[in-house]
Structure formats: C-alpha cells, structure tokens
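Only one structure is covered here, and it is reproduced in the block below.
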Amino acid sequence: MDPFLSVRQLQAGYGRAQVLFDISFDVQPGQVVTLLGRNGMGRSTTVKCLFGMLAASSGEIFIGGQQVLGEGPHKIARRGLALVPEGRQIFTELTVEENLVATARDDAGKADAWTLDRVYGLFPRLRERQQNLGWQLSGGEQQMLAIGRALMTNPKLLVLDEATEGLAPVIREEIWRTLAQLKRDGLSQIVIDKNISHLLRLADRHYVIEKGRTVWQGDSAALRDQPDIVRQYLGV
C-alpha cells in the first residue's frame, strides 16, 4: 500500500538558522504515527512545513502521491490535511458552533462525513456549550473544540501538536479515548505528545527526531523493548 503522506530528506529553518536537516517518515492510510523528541528538536517545524506555513529549503513532501512542497496552507488543506495546533488557537470571540462551521468543508455526499451532529456526538460537552463564546470555555472544552473544528474539514489526515498539554487528567483521558475512536474509524493521524505510555497503546509507528534528523523509527513493540531510546532521545 502506498503511503498517504511521505516526507523525504526535509530541510528547513528560520533565516540563517537551520532547524531541519534530514526528516523522513511515512503515514499509511488509517495509520497513527508519532513524531517524538525533546522540545526544540524540530517536531513543530516539521508540522509547519507540512502545512505550507514554513518554506522548506529542500526535500520532498508527497500527499496522495503528489509532490506538494511549496504549496500554500489552503491548498494543503484541500488535499486532506487538518491541524490541531499547539495552544488550540480557537476563535475566542465566536461561539462554539461558529468555530465549527467557520472552516467546515462540505462533504455531505459521504456517508461518514463530519457534521455538527457528528462532532457533538463525539463531544457532548460542545453540544451543551454550542452558543457559548470561545473565551467562555474551559481549557479542555477549547481543546475539544479545536479537534472538532479540524474534523469539520473532513480530513484524511489529522495532525495533533501537543493536544493534551496543560489539561486536567480527566480531560486528557477523554482526548486519548477520542483519538483511539478516530483510529478505529480509520482516520490517519500524526500525534506529537509527551505521554509515551498512551502513545505506545495508540500509535502504529514512531519516528524519533533529534536535532532536526529522524534518528530512529519502529513500531510500539520495538520502542517498548528499547527503553534506552526513550532515555536517550526523549529524556524521560
């Protein structure tokens, strides 16, 4: 099976400061992969390149077999990628419902399309708060909204950058259950997070990034059997 997303020898940086030197990974249809590493190693920069928010200096990015390096964020979104960004970044002056429909992509012809009712079914709290403004929500509710907003674009690949950071334990568990449900539904995901135990249960494959390079890759069984990888590159 050909990967839905393929990244090869990606290089990028900010001005004269090079951050990415050799990032390579694949995401198969329906697969969940992680980008692991300490802060400042290049994970978020990789995400910016994927979504056209930062121009890569070299390398290749293929989505559905098509080279997309250099395309803008709006074109990347149309190809089926959706981002749940670090810090949530919801529209605080819009209601929950307005946030959800603001960037929605109409896929009404699909039997399993993401609609308001389907998002509210996934997150009943959002149905209860649908007329509340974004700033009136708790941190956990804002995170649910950020995920729901991304799903409303009806993506083929969902990218989550630190989706559980700073949340209460009970809310973190709800987010992990949600990601597991999305996996069962067949949605491909890239997950960036620090919770190794949950990632080992959720993900099919892991890619470790160190100083802008992919230095290790393997499945959950391989990572579980190599605790030295976790100690060396993840600092836990």
Would the range 39-46 turn up any residue that is surrounded by fewer than 17 Cβ atoms within 10 Å (Cβ to Cβ), within 30 Å of W135 (Cα to Cα) and either out of contact with any helix residue (DSSP H, G or I) (no Cβ under 6 Å at 6 or more places or on another chain) or small (G, A, S) (or both)?
yes
Within the range 2-48, can you find the residues that are of a type in the set (A, V, I, L, M, F, W, C) and within 25 Å of R177 (Cβ to Cβ)?
F4, L5, V27, V32, V33, L35, L36, V47
Only listed residue being among the charged types (D, E, K, R) and at pLDDT 95 or above, chosen from R172, R177, R224, R231:
R177
If only one of E173, E210, E165, E141 is buried (at least 20 other Cβ atoms within 10 Å of the Cβ) and of a type outside the set (K, R), which one is it?
E141
Residue under question is D193, and the condition is that it be of a type outside the set (S, T, N, Q), over 17 Å from the mean Cα position of the chain (by Cα) and assigned by TED's automatic domain parsing to the domain that holds Q18; does it hold?
no
Residues of the range 204-236 that turn out to be charged (D, E, K, R), assigned to a strand (DSSP E or B) and touching a helix residue (DSSP H, G or I) at 6+ places or on another chain (Cβ under 7 Å), as a count:
1
Inspect the range 146-161 for any residue being surrounded by fewer than 18 Cβ atoms within 10 Å (Cβ to Cβ) and either in contact with a helix residue (DSSP H, G or I) (Cβ under 7 Å, 6 or more places away or on another chain) or not small (G, A, S) (or both) and give the result as yes or no.
no
What number of residues within the range 16-27 are more than 15 Å from L5 (Cα to Cα) and either not assigned by TED's automatic domain parsing to the domain that holds Q181 or not in a loop (DSSP other than H, G, I, E, B) (or both)?
6
Looking at R105, R201, R172, can you tell me which residue is touching a Ser or Thr at 6+ places or on another chain (Cβ under 7 Å) and either among the β-branched types (V, I, T) or part of a helix (DSSP H, G or I) (or both)?
R172
So in the range 1-15, with the set limited to residues that are aliphatic (A, V, I, L, M) and part of a strand (DSSP E or B), which one is nearest to K48 (Cα to Cα)?
A12
Within the range 184-195, can one find any residue that is touching a residue at least 40 places away in the same chain (Cβ under 8 Å), over 21 Å from G52 (Cβ atoms), assigned to a helix (DSSP H, G or I) and not aromatic (F, W, Y)?
no
Would you be able to say whether some residue in the range 119-128 is exposed (fewer than 13 other Cβ atoms within 10 Å of the Cβ), outside the structural domain of G166 (by TED's automatic domain parsing) and in a loop (DSSP other than H, G, I, E, B)?
no
If I ask for residues that are over 18 Å from the mean Cα position of the chain (by Cα) and not basic (K, R), which ones from the range 198-216 would you list?
E210, G212, V215, W216
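The values are calculated or read from the model by the stated rules, or taken from the named source; none is laboratory data. Treat the numbers as computed from the prediction; the structure is a model and nothing was measured. Positions of Cβ are generated from backbone atoms using ideal geometry, with glycine treated the same way; all protein chains shown enter the neighbour counts.
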